[in-house]
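Heads up: the structure comes next, in C-alpha cells.
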Amino acid sequence: MSQLNDISLVAQVVVFNNTKAFDQLVKKYQSPIRRFFLNQTCGDSELSDDLAQDTFIKAYTNMASFKNLSNFSTWLYRIAYNVFYDYIRSRRETDDLDSKEVDSLNCVDQVNVGQQMDIYQSLKMLKEIERTCITLFYMEDLSIDKIAGVTGIPTGTVKSHLSRGKEKLATYLKQNGYDGN
C-alpha cells in the first residue's frame, strides 16, 4: 500500500507539478535518507543535511525519470548513493597527496562521545562500499536485493561486502571493549 501511495505522489509531482505531493515524499523519506548519510559520514550532521538536500533536489528535478521498475525508496536511495559518491570523488580530486587515506577522510573527525561515536569510529575502518552495504542492511533495513539495486553490484558481492564488513566491525569493537555481553 505504501508503494502505491508513493507512485500516486510521484504521478502528482510529474503530471501536475504538485509540490505538496513532493513535500509528502520528503517528509516520509527525509529521516531515513539523512540517517543513511549520517552513517556514511560517521556523524557529520551538517554534511549529512547538505547531502540529503542535494538528494531531494535531484529527485525532484529527475522525478519524470522514475519508471516504477523498483520501489520509489530504492530509486531514492540510488540517488543518495550517487550523491555520496559524487561527493567522495570531488574530495579525492581536491585532496593533496600527503593527506590521510581517503577512506578515513570520508568520516569527519569528531570528539569521542559515548557509544554512538564508537560506532562511527568503527565504520571508519570499513571500505566505502562495505560501509554502504552495512548501513543499508543493518541500519536502513534494506534487503540484499534492494541493496544490489541501489549500488548496482550483484547480490553475491553485496553478501561478501556485508560479511567482510561485519567481521571487521566485530573485530574492531571487541578490541575496543565491546565483547558482546
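Label-to-label distance for GLU128 and SER163 is 2.5 nm, based on points extended 7 Å past Cα in the beta-carbon direction. Which value in nm describes the separation of the simple spin-label points at ALA170 and ASP118, placed 7 Å from the Cα toward the beta carbon? In this crude label model, ALA170 to ASP118 measures out at 1.7 nm. Approximating the spin labels as points 7 Å out from Cα along Cα→Cβ, the LEU4-to-ASN82 distance works out to 3.0 nm. Over all pairs of different C-alpha atoms in segment 2-175, the reciprocal of the mean inverse distance, the Kirkwood hydrodynamic radius, equals 17.0 Å.
Dipole magnitude for segment 2-175: computed about the Cα centre from +1 point charges on Lys and Arg Cβ and -1 point charges on Asp and Glu Cβ, it is near 640 debye.
None of the figures in this text is laboratory data; all of them are computed from the coordinates on show. Everything numeric here is computed off the predicted structure, so don't read it as measured data. In this analysis, Cβ positions are derived from the backbone assuming ideal geometry, glycine residues included, and neighbour counts consider all displayed protein chains.
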